[in-house]
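The values are calculated or read from the model by the stated rules, or taken from the named source; none is laboratory data. What you see is a predicted model, and the numbers here were worked out from it, not measured in a lab. Reconstructed Cβ throughout: ideal geometry from the backbone, glycine too, with neighbour counts over all protein chains shown. Calculation scope for accessible area: heavy atoms of the full protein, side chains included, ligands and nucleic acids excluded. Shrake-Rupley method; radii C 1.70, N 1.55, O 1.52, S 1.80 Å.
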Amino acid sequence: MGRVAFVNGQYVPHGMASVHVEDRGYQFADGVYEVIPVIAGKQVDGIGHRERLARSLRELRITPPMTDRALALVIEEVIRRNRVRTGHVYLQVTRGVAPRDHAFPADPESAIVVYANSKPAGGLGKQAEVGVQVITAPDQRWARCDIKTVGLLPNCLAKQSAREAGAHEAFMYDSDGYVTEGSSTNAWIVDSEGRLVTRPVSHDILNGITRLSLISLVEGQGIEVVERAFTVEELKGAREVFLTSASALATPVVQVDDRVIGNGRPGSVTSRLVEIFRTYVASEQVDAAAGKTI
Ligand code: PDD
């Protein structure tokens with residue numbers, strides 16, 4: 001059986017899945033998305049991702065295409081039909097199809113696409129063992145980075161710069177020299193006291209679901225989290241650096257631009273975080289956070 005995508009109420013072969021040329025997601029990036037990791041056949045943090053999707057839709061006044069329960073069912077069905085063991089579910093909702101006009105259509109009908117891919121988990125694989133390199137790049141995005149919109153061009157440009165430099169990710173910085181986040185990840189450092197430091201939530205960053213998971217998972221484990229902004233300079237001099245995202249979970253960063261972090265190998269704190277995630281995804285806690293309907 002080949003891959004199957006859910007497009008506006010129907011399950012269709014992946015190769016035939018398409019949207020209209022006047023879909024506002026295509027025309028104006030007038031849409032939002034989520035990426036949900038699947039590990040060992042289980043969704044990781046499904047509830048959190050659906051909640052954030054609902055928030056993004058509210059912020060942009062896009063009508064949810066279906067109830068949360070119906071969406072949860074579609075996600076499960078897409079995982080099942082595509083026999084995903086390890087991979088991702090991608091979902092995208094746009095304001096729908098309408099004759100081209102910047103202003104909202106009078107009677108919009110939201111469009112939805114849900115599909116899945118199977119690929120090895122970045123977060124618990126080789127990258128977790130050896131770490132990755134990042135570069136730094138100016139943050140060229142708009143003023144509402146807290147909304148997970150499909151308008152990702154500045155993120156794509158930053159990621160491309162990283163690739164061209166032989167790095168895995170670009171950590172972006174604001175006009176004051178403070179790190180905002182990665183092009184598709186949240187940025188973290190471990191300070192000299194062993195505390196985890198990450199930028200506080202605001203319109204400047206996406207409030208990562210993995211970021212939130214990590215904050216709650218380390219509670220009671222003797223690891224302190226400090227939410228404050230840090231500069232590029234502090235990043236480069238940090239004891240450890242790591243990034244979080246749905247696909248990366250907690251991935252160690254061993255080099256920033258031309259500066260090697262620590263001894264160039266994943267540090268002990270980050271390695272512990274990788275283990276905390278490994279335990280989490282293998283536990284029953286992960287089922288509760290998936291919000292499965294059955
Ligand atoms: N990216 N910041 C940005 C700009 C992101 O695009 C992402 C997610 C994150 C991390 O959020 P989360 O932990 O919820 O995945 C932070 C996804 C994975 C993507 O675009 O592929």
Can you report the number of residues in region 120-151 which are over 20 Å from R61 (Cα atoms), basic (K, R) and within 12 Å of the ligand (Cβ to nearest atom)?
1
Could you tell me whether region 25-36 includes any residue that is buried (at least 21 other Cβ atoms within 10 Å of the Cβ), of a type outside the set (A, V, I, L, M) and farther than 13 Å from I112 by Cβ?
yes
Out of S161, S184, S213, I need the residue that is open to solvent by 50 Å² or more (accessible area, probe 1.4 Å) and near the ligand (Cβ under 10 Å from one of its atoms). Which one?
S184
Given the options V113, V84, name the one that is part of a strand (DSSP E or B) and on the phi < 0 side of the Ramachandran plot.
V113
Having 3 or more residues that are of a type in the set (V, I, T) is the bar; report the strands (runs of 3 or more DSSP E) wholly within region 1-47 that clear it.
31-39
If you go through region 203-212 one residue at a time, do you hit one that is among the hydrophobic types (A, V, I, L, M, F, W, C), assigned by TED's automatic domain parsing to the domain that holds V134 and in a strand (DSSP E or B)?
no
Among the residues listed as H49, H88, the single one being out of contact with any helix residue (DSSP H, G or I) (no Cβ under 6 Å at 6 or more places or on another chain) and either of a type outside the set (D, E, K, R) or open to solvent by 30 Å² or more (accessible area, probe 1.4 Å) (or both):
H88
Tell me which residues, restricted to region 241-270, are part of a loop (DSSP other than H, G, I, E, B) and either within 16 Å of the ligand (Cβ to nearest atom) or surrounded by fewer than 23 Cβ atoms within 10 Å (Cβ to Cβ) (or both).
A246, S247, A248, D257, D258, G262, N263, G264, R265, G267
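Look through A40, A103 and report the one residue that is open to solvent by less than 80 Å² (accessible area, probe 1.4 Å), without any contact (Cβ under 8 Å) to a residue 40 or more places away in the chain and more than 15 Å from the ligand (Cβ to nearest atom).
Details: A40 fails: without any contact (Cβ under 8 Å) to a residue 40 or more places away in the chain.
Matching residue, one of A40, A103: A103.
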For region 94-103, check the following and say yes or no: at least one residue is assigned by TED's automatic domain parsing to the domain that holds Q27, farther than 30 Å from I261 by Cα and modelled with pLDDT under 95.
no
